[in-house]
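The values are calculated or read from the model by the stated rules, or taken from the named source; none is laboratory data. Since this is a predicted model, take the numbers as computed values, not measurements. Every residue, glycine among them, receives a Cβ derived from its backbone with ideal geometry; neighbour counts consider all protein chains shown. Side chains included, ligands, DNA and RNA excluded: accessible areas come from the protein's heavy atoms. Shrake-Rupley method; radii C 1.70, N 1.55, O 1.52, S 1.80 Å.
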Amino acid sequence: MGLLDGKYAIVTGGASPRGLGKATAKLFAEHGATVAILDLNAEQAQAAADDLPGSGHVGLACNVTDKAECQAVADELVAKWGAVDILVNNAGITQPLKIMDIQPENYDAVLDVNLRGTLYMSQALIPHFRSRKSGSVVNLSSVSAQRGGGIFGGPHYSAAKAGILGLTKAMARECAPDNVRFNAICPGFIATDITAGKLTDEMRAMVLEGIPMGRAGTADDVAGCALFLASDLSAYCTGSEVDVNGGSLIH
């Protein structure tokens, strides 16, 4: 018996082979969910979906910064499956810029994909969730939002991820009467394609020194938390932010 048997889940930004979205989609599938992976490239999204255990998974192209695209994909999946139970807003980008180097196009790109995308995909499914009096949304924030900067992301990335925390809590409050839950995960330093090869040995040692557990996180560490928040194990949790950072934000 899986924790998500018979459930239908959407994961945005899930095509990257070593990314948080792909790891989450895989764990969801292992626990019985049928999963749709959304990404910019339809072929890459479908290839990622085909790689998941089980059958019936789909990969679709979706630019989460386009409200009409988000709605069209949500409607297509509801029509195909009859229901959607879970949404993971994972799509995001980062840029390692200092405050005075952030140009308007940098701000627009990072805020749009991370924050606007989270809003648009949530809006596309909230009416469906409300109609069923059920739904779980997991939003990906970051330790960068909590401590004012991380390893790579610039101040605009911190702002976008902090915005996700505020948006998560506000949507949770508004949708709670209809039993639609919104929770956020705040990963710390996670070994993914984004971080691969970008740290010197000295930088890596310094980062690990600030993590009480003494290791970088893995995509599976984040996926496990997403599974808990998506499943009925967390049925009374909404508006929460869960740290997945090896203790690096103990305060």
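Results, tabulated for the structure shown:
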| read-out | value |
| --- | --- |
| Candidates 83, 61, 42, 72, filtered to the one that is out of contact with any helix residue (DSSP H, G or I) (no Cβ under 9 Å at 6 or more places or on another chain), of a type in the set (A, V, I, L, M, F, W, C) and surrounded by fewer than 24 Cβ atoms within 10 Å (Cβ to Cβ) | 42 |
| Residue check for residue 74: assigned to a helix (DSSP H, G or I) and without any contact (Cβ under 8 Å) to a residue 60 or more places away in the chain | no |
| Residue in the range 40-54 that is more than 14 Å from residue 140 (Cβ to Cβ), in a strand (DSSP E or B) and of a type in the set (A, V, I, L, M) present | no |
| Any hit, the range 179-202, residues being open to solvent by less than 40 Å² (accessible area, probe 1.4 Å) and assigned to a helix (DSSP H, G or I) | no |
| Residue satisfying condition, being touching a residue at least 40 places away in the same chain (Cβ under 8 Å), surrounded by 17 or more Cβ atoms within 10 Å (Cβ to Cβ) and more than 17 Å from residue 92 (Cβ to Cβ), within set 226, 216, 230 | 230 |
| Residues of the range 130-155 classified as within 18 Å of the chain's Cα centre (by Cα) and not aliphatic (A, V, I, L, M), total | 10 |
| Residue list for the range 146-178, restricted to those being among the small types (Gly, Ala, Ser), in contact (Cβ under 8 Å) with a residue 40 or more places away in the chain, farther than 18 Å from residue 90 by Cα and open to solvent by 40 Å² or more (accessible area, probe 1.4 Å) | 176 |
| Residue that is nearest to residue 98 (Cα to Cα) [pool: residues in the range 116-145 that are of a type in the set (S, T, N, Q), in contact (Cβ under 8 Å) with a residue 24 or more places away in the chain and open to solvent by less than 20 Å² (accessible area, probe 1.4 Å)] | 142 |
| Residue within the range 193-209 that is under 15 Å from the mean Cα position of the chain (by Cα) and closer than 21 Å to residue 97 by Cβ present | yes |
